[in-house]
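First comes the structure, then the notes that go with it.
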Amino acid sequence: MSSEIEFKSPFIGKKVKLRAVEMDDLDDIMEHWNTYEMRIGLGKYIPESRQQREEWIKRVDKEMQKGEAYNLVILEKETGKFLGIVALKRVNYVSRTAFMSVAIYNPENQGKGYGTDAVECIMKIGFDVLNLHRLELHVYDFLVSGRHIYKKLGFKETGVRRKASFVAGKYVDDLVMDILVEEYRELNPI
Ligand SMILES: CC(C)(COP(=O)(O)OP(=O)(O)OC[C@H]1O[C@@H](n2cnc3c(N)ncnc32)[C@H](O)[C@@H]1OP(=O)(O)O)[C@@H](O)C(=O)NCCC(=O)NCCS
């Protein structure tokens, strides 16, 4: 019987690497945090102050210590440049589920494969590190690039929260997407 384990870090992808959020990230976070596109994409609507984000960093640090949520900074692998945040939230260790979210902050860094790579890493953390059984996310139906990458990585569209969000003057559908560990394993055998 082989006892070999491949120790391939889930925190390092092909193009990105992930680490915990630090207070020093505040300047990078604020640079694109309040653009209208970002507000819409993340369903946050109203701009936030630097103090609010500072409180958020303290909160996610506590959540991480308690194992309730894992918000990780996405950095460009080669340069260490800040790209965005990817997260597993509302981690439930009884049902072994979590919600996933991702954002590449600067539009100039979007469409370069960083989002896909960050989602691959966080899925690996969810299934191979935390031993979760199901990951779920919600995405507006008009966010085609997000829907595309989630589907490409194995998430299925399993529900529609009809006209659940009011965005840029009209009601839009929120899609529920999820993936089970056995579906993930089929695509990513150990
Ligand atoms: C959604 C988001 C995370 C995607 O990250 P990204 O780094 O831009 O995505 P990638 O470059 O890895 O991949 C984009 C994919 O979408 C595809 N795509 C882009 N526009 C598309 C369109 N109109 N129709 C279909 N596919 C499209 C690209 O071809 C690419 O797929 P491919 O690699 O198979 O060719 C990023 O755009 C983002 O952070 N947006 C703002 C915040 C947000 O909306 N977050 C999502 C909340 S669910």
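Tell me which residues, restricted to the stretch 7-35, are surrounded by 14 or more Cβ atoms within 10 Å (Cβ to Cβ) and of a type in the set (D, E, K, R).
Lys15, Lys17, Asp25, Asp28
Report yes if some residue within the stretch 100-114 is touching a helix residue (DSSP H, G or I) at 6+ places or on another chain (Cβ under 7 Å), of a type outside the set (Asp, Glu) and away from the ligand (no atom under 12 Å from the Cβ); otherwise report no.
no
Inside the stretch 76-104, can you point out the residues that are surrounded by fewer than 21 Cβ atoms within 10 Å (Cβ to Cβ) and farther than 25 Å from Val176 by Cβ?
Selection gives Glu76, Lys77, Glu78, Thr79, Gly80, Lys81, Phe82.
Out of the stretch 141-181, which residues are within 13 Å of the ligand (Cβ to nearest atom), among the β-branched types (Val, Ile, Thr) and under 25 Å from Ile125 (Cβ atoms)?
Answer for the stretch 141-181, where residues must be within 13 Å of the ligand (Cβ to nearest atom), among the β-branched types (Val, Ile, Thr) and under 25 Å from Ile125 (Cβ atoms): Ile149, Val176.
Within the stretch 44-75, restricting attention to residues that are aromatic (Phe, Trp, Tyr) and surrounded by fewer than 18 Cβ atoms within 10 Å (Cβ to Cβ), which residue is nearest to the chain's Cα centre (by Cα)?
Kept after step one, since they are aromatic (Phe, Trp, Tyr), are these residues of the stretch 44-75: 45, 56, 70.
Imposing the further condition that a residue be surrounded by fewer than 18 Cβ atoms within 10 Å (Cβ to Cβ) reduces the set to 45, 56.
Numbers: Tyr45: 19, Trp56: 16 Å.
Here the residue is Trp56.
Does the stretch 121-140 contain at least one residue that is out of contact with any Ser or Thr (no Cβ under 8 Å at 6 or more places or on another chain), charged (D, E, K, R) and within 15 Å of the ligand (Cβ to nearest atom)?
no
Six or more apart or on different chains, Cβ under 6 Å: which pairs go from a residue in the stretch 130-145 that's within 12 Å of Asn92 (Cβ to Cβ) to one that's within 13 Å of the ligand (Cβ to nearest atom) and not in a loop (DSSP other than H, G, I, E, B)? Could you list them?
That search, which allows pairs on different chains as well, returns Leu135/Met100; Glu136/Phe99.
Scanning the stretch 152-190 for residues that are assigned to a loop (DSSP other than H, G, I, E, B) and out of contact with any helix residue (DSSP H, G or I) (no Cβ under 7 Å at 6 or more places or on another chain), which turns out surrounded by the most Cβ atoms within 10 Å (Cβ to Cβ)?
Phe155
Just to be sure, is Ala168 of a type in the set (A, V, I, L, M) and modelled with pLDDT of 95 or more?
When the stated conditions are applied, Ala168 does not pass them.
The values are calculated or read from the model by the stated rules, or taken from the named source; none is laboratory data. In this text, all values refer to a predicted model and were calculated from it rather than measured experimentally. With ideal geometry, Cβ positions are generated from the backbone for all residues, glycine too; neighbour counts draw on all protein chains shown.
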